[in-house]
Amino acid sequence: MTRTARVEPITEEREDSILVSGWRVVDISDPNGPAEVSRHDNEPDAIEAARSFERATSNEPGSDPDDNQDYDGGEIYDNEY
C-alpha cells in the first residue's frame, strides 16, 4: 500500500516566541494513528525523506503509483510587482 507522509516543524514555545528546533516526517496513511517516521535538522532533508518514504512504499505490490506530492507548503511568490 502506498503510504502518505507529511512534513511538519518541531516547535518549542518560549515566553513570547515559537522556535522551530527541527522537522519531522509523519506517516498519515492511517487517520487513527499518525506515526512519526523520522526527524531532521532542516526542512529540505525532511522533504527528501518524505519523498523517499512514499517512493519506497509505492513499489510494494498492490500500491498506487506515487503522485509526487509537493511538500513545500511555503508561499508562492509572484516576481511581477
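The values are calculated or read from the model by the stated rules, or taken from the named source; none is laboratory data. Just so we're clear, the structure is a prediction, and the values are computed from it rather than from any experiment. Ideal geometry is used to build each Cβ from the backbone, glycine not excepted, and the neighbour counts take in all protein chains shown. Just the protein is used for accessible areas: all its heavy atoms, side chains included, with ligands, DNA and RNA removed. Shrake-Rupley method; radii C 1.70, N 1.55, O 1.52, S 1.80 Å.
Just to verify a result, which residue in the range 45-61, among those that are modelled with pLDDT under 95 and more than 12 Å from ALA5 (Cβ to Cβ), is least open to solvent (accessible area, probe 1.4 Å)? By that ranking, first place goes to GLU60. Of all residues in the range 4-39, exactly one satisfies the criterion of being open to solvent by less than 50 Å² (accessible area, probe 1.4 Å), touching a residue at least 24 places away in the same chain (Cβ under 8 Å) and not in a strand (DSSP E or B), namely SER29.
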